[in-house]
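Student: Sharing a structure, written as structure tokens. Questions coming.
The values are calculated or read from the model by the stated rules, or taken from the named source; none is laboratory data. Keep in mind it's a predicted model, so treat the numbers as computed, not measured. Note: ideal-geometry Cβ built from the backbone for every residue, glycine included; neighbour counts use all protein chains shown.
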Amino acid sequence: MGTDRAGVPMLNGSGCLSARDLARYGQIFARGGVGVSGQRVGSKAFIDATRSGRGTRYEGPRAGIRYANQMATRGRWVGHGGYGGQYMLVDIETGVSVAFFSVLEDVDAHDADYGYETIRLCEEIASLAWA
């Protein structure tokens with residue numbers, strides 16, 4: 001495990017989490033960088049900047065999603081995928097975090113269409129709390 005220059009944790013190959021661990025990690029984003037005991041462990045400014053509308057806009061079926069600060073977002077949520085099919089999406093408005101684990105078996109361990117379908121699935125699950 002390492003961190004980026006702002007101290008945001010990054011997992012690169014040797015981190016081992018369960019889906020529940022990943023969803024619980026997402027709760028740090030949902031709480032604006034505040035840990036379960038009320039301590040500041042992340043940056044609300046980072047989360048707000050990620051959701052702000054800046055970043056690279058995707059085209060095609062992923063239109064409306066932006067990539068900023070190593071996160072994907074539609075503004076309401078932030079998310080990030082892992083190598084080979086994992087994804088975490090956190091709806092900041094409702095506080096719902098979704099963790100999706102899968103194995104994508106291809107040469108690159110990446111498929112843009114599969115990734116988009118994963119995002120849509122996570123959005124749909126998170127949207128259940130909107131109703």
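Student: Using the structure shown, decide if Asp91 is among the acidic types (Asp, Glu) and farther than 21 Å from Ser127 by Cβ. Write out each step before concluding.
Tutor: Working: among the acidic types (Asp, Glu): yes; farther than 21 Å from Ser127 by Cβ: no.
No; evaluated as a whole, the condition is false for this residue.
Student: Test Glu117 against the criterion of being assigned to a loop (DSSP other than H, G, I, E, B), of a type in the set (D, E, K, R) and surrounded by 12 or more Cβ atoms within 10 Å (Cβ to Cβ), and give yes or no. Give the derivation first.
Tutor: Details: assigned to a loop (DSSP other than H, G, I, E, B): no; of a type in the set (D, E, K, R): yes; surrounded by 12 or more Cβ atoms within 10 Å (Cβ to Cβ): yes.
Here the answer is no, as Glu117 does not meet what is asked.
Student: Mind checking whether some residue in segment 29-41 is surrounded by 19 or more Cβ atoms within 10 Å (Cβ to Cβ), closer than 15 Å to Thr118 by Cα and not basic (Lys, Arg)?
Tutor: No, segment 29-41 has no match at all.
Student: Could you list, ordered by first residue, the pairs with Cβ atoms under 7 Å in which the first is in segment 102-123 and under 18 Å from Thr73 (Cα atoms) and the second is surrounded by fewer than 15 Cβ atoms within 10 Å (Cβ to Cβ), at least 6 apart or interchain?
Tutor: Tyr116/Pro61
Residues are listed down the side, and each one gets a yes or a no for (1) over 19 Å from Thr3 (Cβ atoms); (2) in a loop (DSSP other than H, G, I, E, B); (3) at pLDDT below 95:
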site: Leu22; (1), (2), (3): no, no, yes
site: Ala45; (1), (2), (3): no, no, no
site: Asp48; (1), (2), (3): yes, no, no
site: Gly53; (1), (2), (3): yes, yes, yes
site: Pro61; (1), (2), (3): yes, no, yes
site: Gly84; (1), (2), (3): yes, yes, yes
site: Thr94; (1), (2), (3): yes, yes, yes
site: Asp108; (1), (2), (3): yes, yes, yes
site: Ala126; (1), (2), (3): yes, no, yes
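Student: Can you find even one residue in segment 6-14 that is part of a strand (DSSP E or B), modelled with pLDDT of 90 or more and under 13 Å from the mean Cα position of the chain (by Cα)?
Tutor: Filtering segment 6-14 for residues part of a strand (DSSP E or B) gives 9-10.
Pick out the ones that are also modelled with pLDDT of 90 or more and you get none.
No.
Student: Also, quick follow-up: Looking at segment 42-73 only, could you name the residues that are under 22 Å from Glu117 (Cα atoms) and of a type in the set (D, E, K, R)?
Tutor: Arg51, Arg57, Glu59, Arg62, Arg66
Student: Being within 28 Å of Val36 (Cα to Cα), of a type in the set (A, V, I, L, M, F, W, C) and free of Cβ contacts under 8 Å to residues at least 24 places away in the same chain is true for just one of Met88, Met71. Which residue is that?
Tutor: Met71
Student: Go through (1) closer than 18 Å to Gly115 by Cβ; (2) in a loop (DSSP other than H, G, I, E, B) and name the single condition Gly26 misses.
Tutor: (2)
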